[in-house]
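The values are calculated or read from the model by the stated rules, or taken from the named source; none is laboratory data. Fair warning: this is a prediction, and the values are worked out from it, not measured in the lab. Positions of Cβ are backbone-derived with ideal geometry, glycine not excepted, and every protein chain shown enters the neighbour counts.
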Amino acid sequence: IVICAIGVGGNVLNLLTLRSRTLQTVPFMYIRSIAIFDLIGLSFIALHFALDQIPNASYEQMFYSTYFEDIIINTFLVASFYCALMLTIARYVLITQPHTRRSTNPKRMARIRIILLLVFCFILHSPMSAQNRLKIVNGRWRKGNNVEFLCVEPIFTLFNYYKMSREFLRFTCVIAMAVLNIFIARKLQITKVRAFHLQALCT
């Protein structure tokens with residue numbers, strides 16, 4: 001809970017800083033989305049720990065914890081990660097192709113991409129609700145594994161493929177982000193060296 005509180009506080013401060021009119025460009029739109037998605041995801045994680053402290057959970061609470069909690073948390077946290085990837089791509093294009101013609105309304109396009117990204121992440125993680133099942137144990141509602149559904153073929157195989165594909169996509173994006181950041185750093189280094197040599201020639 002303490003870590004979540006620190007994360008929430010940090011993202012709130014980031015959002016307050018990003019309200020400046022000078023920070024309304026497309027890259028800062030992605031940075032703002034990262035902060036918002038992280039804030040929402042961490043808030044739901046804090047809510048999870050808070051709900052765990054309730055001794056006699058209601059049906060509504062357990063229904064949410066069983067079928068929606070994992071989807072919501074993963075949707076926003078993973079959307080934050082994919083926004084970071086989109087930010088990296090935007091920086092890469094800006095640095096490597098500075099004279100390329102841009103969209104007539106780049107902010108609107110970025111906003112559409114962010115919304116579509118969030119919808120994609122929700123759809124991607126929706127099957128996670130099939131992992132769990134709401135059960136009555138000793139007269140109380142409890143969250144349990146949905147073995148009756150998942151352990152039957154071909155559902156078992158399909159669900160494993162789904163999980164592997166989801167993690168493979170995330171791993172591929174991590175590699176892509178690392179490679180792009182290496183190219184960006186290299187390009188900036190070359191530009192800095194050229195500027196230094198140009199300055200030396202002019203003096």
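Points to keep in mind about this one:
- Yes/no for ILE73 being aliphatic (A, V, I, L, M), buried (at least 18 other Cβ atoms within 10 Å of the Cβ) and farther than 30 Å from TRP141 by Cβ: no
- The residue pairs whose first member lies in segment 21-34 and is within 14 Å of ALA79 (Cβ to Cβ), whose second member is surrounded by fewer than 19 Cβ atoms within 10 Å (Cβ to Cβ) and at pLDDT below 80, and whose beta carbons are closer than 7 Å, counting only pairs six or more residues apart or on different chains, are ILE31/LEU18; ARG32/LEU15; ARG32/LEU18.
- The set of residues from segment 16-53 being among the polar types (S, T, N, Q), within 22 Å of ASN105 (Cβ to Cβ) and not in a loop (DSSP other than H, G, I, E, B) comprises THR22, SER33.
- Criterion violated by CYS151 - all others in (1) closer than 30 Å to LEU51 by Cβ; (2) of a type outside the set (A, V, I, L, M); (3) surrounded by 13 or more Cβ atoms within 10 Å (Cβ to Cβ) satisfied: (3)
- Total residues in segment 16-32, condition at pLDDT below 75 and surrounded by 14 or more Cβ atoms within 10 Å (Cβ to Cβ): 1
- If you go through segment 92-138 and keep only what is modelled with pLDDT under 90, of a type in the set (A, V, I, L, M), surrounded by 12 or more Cβ atoms within 10 Å (Cβ to Cβ) and under 30 Å from GLU69 (Cβ atoms), you end up with ALA110, MET128, ALA130, LEU134.
- Candidates are the residues of segment 179-203 that are closer than 19 Å to GLN97 by Cα and among the small types (Gly, Ala, Ser); the one that is modelled with the highest pLDDT is ALA185.
- Single residue of segment 164-173 satisfying the filter (exposed (fewer than 12 other Cβ atoms within 10 Å of the Cβ) and among the hydrophobic types (A, V, I, L, M, F, W, C)) that is farthest from the chain's Cα centre (by Cα): MET164
- Pick from segment 120-143, criterion among the small types (Gly, Ala, Ser) and in contact (Cβ under 8 Å) with a residue 24 or more places away in the chain, ranking: nearest to PHE37 (Cα to Cα): SER126
- LEU47 meets all of the listed conditions (1) within 16 Å of the chain's Cα centre (by Cα); (2) hydrophobic (A, V, I, L, M, F, W, C); (3) buried (at least 16 other Cβ atoms within 10 Å of the Cβ) but one, namely (1).
- Condition broken by ALA130, with the remaining ones in (1) part of a helix (DSSP H, G or I); (2) among the aliphatic types (A, V, I, L, M); (3) under 17 Å from SER58 (Cβ atoms) satisfied: (3)
- Residue satisfying all of: in segment 67-78; in a helix (DSSP H, G or I) and either in contact with a Ser or Thr (Cβ under 8 Å, 6 or more places away or on another chain) or of a type in the set (Asp, Glu) (or both); farthest from MET29 (Cα to Cα) among these: TYR67
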